Amino acid sequence: MFKGLGERLDEIFKSLKGKGRLTEDDVNHAMREVKMALLEADVNFKVVKEFVAQVKGRAVGQDVLESLSPAQQVIKIVRDELTELLGGTQAKINLSPKPPTIIMLVGLQGAGKTTTAGKLAKLLSKQGRRPLMVAGDIYRPAAIKQLQVLGDQLNIPVFSMGQENPVKIAQSAVEQANSTGRDLVIIDTAGRLHINEELMDELANIKSTVRPHEILLVVDAMTGQEAVNVADTFNQKLGLDGIVMTKLDGDARGGAALSVRKVTGTPIKFAGMGEKLDALEPFYPDRMADRILG
Ligand code: GDP
């Protein structure tokens, strides 16, 4: 992930550092190359334009160009703006003061919802929570079984009512959590191959019935700009609290992770870094920017 982008930026910065003193033209030239590198990494065009304008605005001032190490300063500005683009500071999930906290996971089929349910349950139970996982993806035949297998592995209970209505499942699961002292309910919902009205209606019904504290969209970073479009649509229809960007361990070009916050206004809260159950990390914008810039 970000390998290509990281290498490109590294080259651009090396040539900038080689110059010693910098002129406004040098900065403009470097920023043109940064722009190309970001576009090639599949970052949304509007996001790239704004980003580059922002960096230039800060970088061509007298105090930067006439400083002792202008290239370092420009690089620092890029790093700061990249952190900002990724959300600035870490966005945490909303935990309800009155248990149980209800987290609803939504997303398209194959994005990694069910796996993320298990990963999140594991991560939060390590922090002392007592999760109940809820099998609400009733259309994908293997999803219920998949969640039960994860529950067995993690020793975390799974609530299932087979192919029952998903709204009823969610509602009953919350009741069960209340009566069994579970302080966290993680609802796995149905996905589809594409967004459609039926899916959105079902998710909206679950939302209005159980009033989750946190609706997290699970998106696959490998799908690039499409992930951003998916996030935009889900956010408009459902109102998202956060995004889980999965498959950041893969060799996707990174554009989705860099664009999605700016385009949707929704923060990335977690990053999926592999198929294993401990491969979920809270998302830190500054650390991600460092990872990109090396
Ligand atoms: P769902 O249809 O959204 O519930 O998707 P699944 O949870 O079944 O995941 C689909 C596939 O993506 C599975 O093979 C997962 O192991 C894989 N997967 C999920 N998250 C990640 C991740 O962060 N990295 C990688 N490499 N694979 C992942």
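Just so it is clear, none of the values below were taken in a lab; they were calculated from the coordinates. What you see is a predicted model, and the numbers here were worked out from it, not measured in a lab. For neighbour counting, all protein chains shown are included, and Cβ atoms are generated from backbone atoms with ideal geometry for every residue, glycine included.
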Under 5 Å, built H, 5+ apart or other chain: amide partners of residue 185: 101, 102, 103, 132
Ranked list, fewest to most other Cβ atoms within 10 Å of each Cβ, for 105, 293: 293, 105
The chain, dipole about Cα centre (Lys/Arg Cβ +1, Asp/Glu Cβ -1), debye to the nearest 20: 500 debye
Nonlocal amide H pairs with residue 242, under 5 Å, H built at 1.01 Å: 215, 217
Computed FRET value (nearest 0.05) for residue 95 with residue 24, which takes r as the C-beta separation and R₀ as 41 Å: 0.25
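Within the set 46/126; 92/247; 145/269; 76/269; 98/237; 3/49, which residue pairs have Cα atoms separated by over 31 Å? Intermediate values should be presented prior to the final figure.
Numbers: 46/126 40 Å; 92/247 20 Å; 145/269 27 Å; 76/269 24 Å; 98/237 27 Å; 3/49 22 Å.
Going by Cα-Cα distance, 46/126 fall outside the 31 Å limit.
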Spin-label model distance (nm) - residue 176 vs residue 7, 7 Å beyond Cα toward Cβ: 4.9 nm
Contour minus Cα-Cα distance for residue 54 and residue 225 (0.36 nm per residue): 59.4 nm
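Neighbouring Cβ atoms within 10 Å as the yardstick, rank 152, 188 fewest first.
Details: 152 11, 188 30.
Exposure proxy ranking, most exposed first: 152, 188.
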Taking 56, 168 and counting other C-beta atoms within 10 Å, the order from fewest to most: 168, 56
GNM top mover of 181, 151, 118 - the chain, alpha-carbon springs below 10 Å: 181
Whole-angstrom gap from the range 225-279 to the range 28-82, using each part's C-alpha centre: 24 Å
